[in-house]
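Read-outs: derived from the displayed coordinates by stated rules, not from any lab. Remember, predicted model here, so these are calculated numbers, not experimental data. Neighbour counts are summed over all protein chains in view; Cβ atoms, including those assigned to glycine, are modelled from backbone coordinates with ideal geometry.
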Amino acid sequence: MIQRLIVNASYALQTSKHYQANKHFFYNLLENDKYRYKKYVDILMMTLIFISVTVLIREVKSPINDYLLFFSTYIISFIFFIEYILRLWISSSVSEIIVKCAEHDSFLGKNVSLGKAFLTISRVKIGYMLSVQAIIDLLAILPFFHELRLLRIFILFRVFKLFRYAKSFQMLAGVLATKKFEFITLALFSSIVIFVSCVLIYVMEANNEASPINTLFDALYWSIVTISTVGYGDVTPATDAGRFVAMIVIIAGIAVLAFTTSLVVSALTDRLDEIREIKTIENLSKLKEFYLVCGYENVAKELCIKLASSSHNIIVLDEDISRVNNAKKDGLTALHYSPGKILSYENLGIDIKKQVKAVLCLREDDVENVYTALTVRSFDKDVFILSLLMNDSNRKKLEFAGINHLVYPQELVAMITKEFIGKPVAFEVVHAMRSANGNVKIDELTVTTRVRENFKTIGELGNSAYRVIILGIYQNDTDKFLFNPDKDTAIEVGDYIIAIGYQVFIGEFERHLHTKVSDA
Amino acid sequence: MHKTTALIFGYNKYGLEIVQNIKEKYERTRLYSQDESSVSDEINEVEYFDLSDDWSSIEKTVKISDSIAFCVLEDDAQNVFLTISLRAYFKDLLIVAIASNQENANKLTMAGANKVIPIVETAADIIASILELPISSKVLQSILFEENDLKIAQIKISERTTLKDKELLDIDWSMYKGIIVLSIMDKDMKSEFIYSSKVKHHVLKCGDVLVVIGYEKDIEYFKELIGSDRV
């Protein structure tokens, strides 16, 4: 009966959207680094840790306000307790284990027995509770029993909790872990030197009345102080033999120190690029919108400079490390990932639909651009893809790969040449409007609800006062461009006004469109 | 002055693309290659040239004052050498050149090219405008490359133009329906935006050029109305 109730309850929890959503929410809040609000929880926890440590230090010699002490002892401990329980909850799913076990038994035609399920649950949950981080979490709650003075020292364990919240600590631990073998060798070497020197100095000095080393503990203390090159000088050998041992230990100490330093430095150097890349990928997931530049060659370099000057976010992907380094030298965020592989996008956590404004295939190689375009199209049908076309005979292939816009430099040059020789002045005028260096600009002003509230027709806009020419209006509803619309043409929300004028005046005109109070 | 002959130096994808685009505008189009074997290309009637200073063979067959040269060699250094070589020999030849980037474009200008197109920067400019201003970019492209009826034209002020001797500030452009006057250029200045304070008090005189945008029939009507010529 109870067994059936447990199985039914487990099924109910597994299928409950509300329960799963809550669990997912707490998972995101506590464990998902990419979740927007996790950092606030981390900051809160770190603040609580610093408060409790500050209270502990202050308490040594000064009386503490009762409320503060209560807050540090009970409230913070309670918050940490809640956190511990939540982490234990989200570490694994009890209901899932029970459901799986029940389904397994019923599939085999056996009576459902929850014994095995409870065993698995115990194993999983205890496994979590015995993990280093969970133990630290638990010890951080112990100061709750404030009356037991010894337990108050466990407040210091709260400091270890910082490892959980500060990503850089975890990275440092990860970096040092890569040199695990070297550190073990070093520890072994140091232990042997300490052990041998400890025994030797004890044998040489213990029977000498003038020597401060009387016990094995004194010898061990002296060995560690000497090998670490700290050398307090409170315990020193008195015999020549003891001093000889001291010389050996000092030399060994220098070697140990040098080895340790070089290990840490080499571990950091080896993984510095990796750490930077991890940080970049983390930042990448926080970007709301960016251009994804696939391939960093001449046109890409020039384009990135232009886009970056307009404060656009740009992410460069290239499979060639030298090109990636060039992009980094140019101050761009560049990653050594192949833009032609789905795995790259998965590993980077790029959400093409939500984050990518446009994919720019800018390798000066049609084969590579087709490959990248097909990769992107395989998981997103809608994103705007622009590509360079290097050979006109490949045009159809690139179009077939789903590229929305092709830029063929040879054709551009030919058309510009044609236009230049035909109408040089007109060409210069239009070119200046498109160029980043010209004063006179063409711009697209969106008709927002506010603009529409202020102005109903083109004639009401008053552009002449701002020395702005309205080239036309792009009507969003009909997808049509109306050149030089007459004064009575109505404007609608979502339309674009194509304006030409000095940049500063266009800016003023745009402000006027938004700020003018309607007479109506 | 209208040129009748186009001399294209560079038998490559740029040269061939330019030939395709301009051959209707010139009475004669001559394509030159540094590679003697390409002379066998009968479709494009390729002629051989080298980078020596001897341009007499070309001078004999072509009237240089009526010609325009396109220096489109893919190697920037050779293109600079070709340009400087042509300029040293033909002082008045109109030279249009391509450069892989702005740095080489500056060298070509110094070498005497009248107009240089830096390929990388131009492509990047076009892509940037497609991304940042997709609608206006499309509109400008269609106007510039005459992809639809909307055209950009240069109207020259002549003796019989009604606007002659009028100050720009006094002209109500809105009365000329269907056209937009973008800028003006006279002999002494660069092209200036029509609303620029520099030209506010400019008095239109013979030889000034107005850059206008409009539909073909409206431009023709405007031309007739003011009694001017299209350049």
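Using R0 = 41 Å, the C-beta based FRET efficiency linking A:D380 and A:L268 works out to 0.60. Model label points for B:K91 and A:L287, set 7 angstrom from Cα along the Cα-to-Cβ axis, are 5.5 nm apart. For A:K381, the lysines whose Cα falls under 22 Å of its own Cα, not counting residues fewer than eight places away in the same chain, are A:K288, A:K341, A:K353, A:K354, A:K357, A:K396, A:K397. Grab the beta carbon distance between A:T457 and B:I135, set R0 = 25 Å, and tell me the FRET efficiency rounded to 0.05. After rounding to 0.05, the efficiency reads 0.80.
Just check the stretch A:204-303 against the gyration tensor rule for me: Cα atoms, a ≥ b ≥ c as the square roots of the eigenvalues, rounded for a/c under 1.5, and otherwise prolate or oblate depending on whether a/b exceeds b/c. It comes out prolate by the Cα gyration axes. Kindly work out what percent of the DSSP beta bridges joining two residues of the protein assembly as shown are antiparallel, to the nearest 5. The antiparallel fraction comes to roughly 45 percent. Comparing B:I179, A:N22, B:S228 along the charge dipole axis of the protein assembly as shown, the residue lying farthest to the positive side is A:N22, per the Cβ-charge model.
Peptide A:493-506 has a mean shielding of 2, counted as Cβ atoms of other protein chains within 10 Å of each residue's Cβ. Scan chain B and hand back the longest stretch that contains none of the GluC sites (Glu not before Pro) lying in DSSP loops with at most 12 other Cβ atoms within 10 Å. Answer from the scan: B:46-146. Using alpha carbons only, how many degrees (0 to 90, rounded to 10) separate the axis of helix B:216-226 from the longest principal axis of chain B? For B:216-226 against chain B, the angle is about 60 degrees. Ordered by the number of other Cβ atoms lying within 10 Å of each residue's own Cβ, fewest first, B:C206, A:C294, A:C198 fall into the sequence B:C206, A:C198, A:C294. With a simple spin-label model that places each label point 7 Å from the Cα along the Cα-to-Cβ direction, the separation between A:V203 and B:T109 comes to 8.7 nm.
Find how many whole Å separate the alpha carbon centroid of the stretch A:6-20 from the alpha carbon centroid of the stretch B:97-172. Each part reduced to its Cα centre gives a spacing of 68 Å.
Between rounded, prolate and oblate, where does the stretch B:1-90 land on the alpha carbon gyration tensor, with a ≥ b ≥ c its root eigenvalues, rounded for a/c under 1.5, else prolate if a/b exceeds b/c? Rounded, because the longest to shortest axis ratio a/c is under 1.5.
Once the chain from A:V112 to A:N214 is taken as fully extended at 0.36 nm per residue, the excess over their C-alpha distance is 29.9 nm. Suppose R0 equals 56 Å; then what is the FRET efficiency for A:N439 and B:L51 from their Cβ-Cβ distance, rounded to the nearest 0.05? After rounding, the FRET efficiency stands at 0.90. Going by neighbour counts of Cβ atoms within 10 Å, the residues A:D318, B:D172 line up, fewest first, as B:D172, A:D318.
Binning all Cα-Cα separations of chain B at 10 Å, short to long from zero, yields these whole-percent fractions: 7, 25, 29, 25, 13, 2, 0.
Using the Cβ of A:L303 as centre and a radius below 12 Å, the other residues enclosed give a net charge of -4, where K and R count +1 and D and E count -1. If you take the Cα centroid of the stretch A:23-81 and the Cα centroid of the stretch A:456-520, the two points sit 55 Å apart. Between the helical axis of B:13-22 and the longest alpha-carbon principal axis of chain B there is an angle of about 40 degrees. Cross-link partners for A:K116 among the lysines, with Cα-Cα distance under 18 Å and sequence neighbours closer than 8 places in the same chain left out: A:K100, A:K125. Setting aside same-chain residues fewer than 8 positions from A:K167, which aspartates and glutamates have a Cα under 19 Å from its Cα? Cross-link targets: A:E31, A:D33, A:D42, A:E83, A:D137, A:D270, A:D273, A:E274, A:E277, A:E282. Residues A:V316, A:V376, arranged from fewest to most other Cβ atoms within 10 angstrom of their Cβ, appear as A:V376, A:V316.
Peptide A:385-391 has a mean shielding of 1, counted as Cβ atoms of other protein chains within 10 Å of each residue's Cβ. Counting other C-beta atoms within 10 Å, and keeping those with at most 13, which DSSP coil trypsin sites (Lys or Arg not before Pro) do you find in the stretch A:457-520? Those that pass, being in a loop and sparsely packed, are A:K487.
In this rough spin-label picture, where each label sits 7 Å from Cα along the Cβ direction, the B:K198-B:A77 distance is 3.9 nm.
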